[in-house]
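See below for the structure under consideration.
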Amino acid sequence: MLFLELLGYLLLILVAAEIFVNALEHLGEKLRISEGVTGSLFAAVGTAMPETLVPLLAIFAGTGNAATSEEIGVGAILGAPLMLSTLSLFLMGVAVLGRRGLRGHLTPEKTGLRRDLDFFLMAFVLAFAAMFVPHTQSWARGVLAFVMVLIYFFYVMLTLRASSKLVDEGHATEAGSPMLLTRLGMPQNLLFIVVQLALGLGLLVAGAKGFIHGVEAAAPIIGISALLLSLMIIPIATELPEKVNSILWIRKHKDTLAFGNITGAMVFQGTLLPAIGISLTPWAPQKEVLLGVLVTLVAAFWLRWAAVTGGLRVWHLFVNGALYVTYLTVVLA
């Protein structure tokens, strides 16, 4: 029954992702914005709702055990960027391996990809440094958290500012198929685009939350700690919307949208959520947490290096997958 429940929620996520992606493409086309804005801001923030809710609920309304709630919150905050920078990118590579081959080119818009990764790395290094600031130094932690919020604000401003130029250069968002609601006789206007977008997002959140509960029910059978559960298992479920959306886009050769959805979510989850964690949890340098942060930073640096030195190839994303396997091997050993 548990397996059937997980399968049902997974199918719901797949259907919801198709509805959401379709509406998002039409929204970007209607507003005449670049694929970078559509992927890095709209899609990234929208599909980040499940993994955003998990740590917030854990911290503010978690279990009766405060320490366990904090472990789940910290693990979920740091586990999401880890999953995005490693496993999610690897799955994108697997999705196009048959069509493009290991040495096939990946062609996201480079300035947007570099901007996403630069802002993420800047913020995540601060999140790493904050682990070594004593919890008694609340003013120092408060300053770091405020700086991380400012980083995301400037990131949004720069991304929006770059949009019009990218549209002029041919990187405008284009819908690849008719809007799904029009097949039910609905008009294709901004109101019904937003209605379909809200429907897709609502189903994504419902599917991911249901999947999380199923995974949590399976956790006692596996026999791991709450921290490892939140670092390793919960993000697999909460990141499913990003994974599925990006796979759908990259298979349609919409590489900018596919990468922007991942790297934009990394910026969102590498700035605002760690700022909350730094302010409201012990944010201590436990070994599982430290290793996860270091692997995430290495994966992001690797992707940025590959993107600016000769262009991304499919095999580059397999290195990110290898980093995730390395992390699992070490923490489970």
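Key figures
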{"quantity": "Candidate set: segment 98-118, residues that are under 17 Å from residue 302 (Cβ atoms) and in a helix (DSSP H, G or I); chosen: the one most open to solvent (accessible area, probe 1.4 Å)", "calculated": "110"}
{"quantity": "Residue match in segment 253-271 (condition: open to solvent by 30 Å² or more (accessible area, probe 1.4 Å), modelled with pLDDT of 85 or more, part of a helix (DSSP H, G or I) and β-branched (Val, Ile, Thr))", "calculated": "no"}
{"quantity": "Any chance residue 281 is open to solvent by less than 50 Å² (accessible area, probe 1.4 Å), out of contact with any strand residue (DSSP E or B) (no Cβ under 8 Å at 6 or more places or on another chain), among the polar types (S, T, N, Q) and at pLDDT 90 or above", "calculated": "no"}
{"quantity": "Filter result (polar (S, T, N, Q) and modelled with pLDDT of 70 or more) within segment 172-223", "calculated": "177, 182, 188, 189, 196"}
{"quantity": "Residue within segment 308-328 that is among the charged types (D, E, K, R) and either open to solvent by less than 10 Å² (accessible area, probe 1.4 Å) or assigned to a helix (DSSP H, G or I) (or both) present", "calculated": "no"}
{"quantity": "Every residue from segment 291-305 that is open to solvent by less than 40 Å² (accessible area, probe 1.4 Å), out of contact with any Ser or Thr (no Cβ under 9 Å at 6 or more places or on another chain) and not β-branched (Val, Ile, Thr)", "calculated": "292"}
{"quantity": "Pairs with Cβ under 7 Å, 6+ apart, first in segment 97-111 and farther than 15 Å from residue 316 by Cα, second in a helix (DSSP H, G or I) and at pLDDT below 95", "calculated": "109/35; 109/36; 109/166; 109/256; 110/307"}
{"quantity": "Residue 303 vs. criteria part of a helix (DSSP H, G or I), touching a His at 6+ places or on another chain (Cβ under 8 Å), in contact (Cβ under 8 Å) with a residue 60 or more places away in the chain and under 21 Å from residue 119 (Cβ atoms)", "calculated": "yes"}
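The values are calculated or read from the model by the stated rules, or taken from the named source; none is laboratory data. Since this is a predicted model, take the numbers as computed values, not measurements. All Cβ positions, glycine included, derive from the backbone under ideal geometry; neighbour counts span all protein chains shown. Quick note on the areas: whole protein, heavy atoms, side chains included, nothing else; ligands and nucleic acids left out. Shrake-Rupley method; radii C 1.70, N 1.55, O 1.52, S 1.80 Å.
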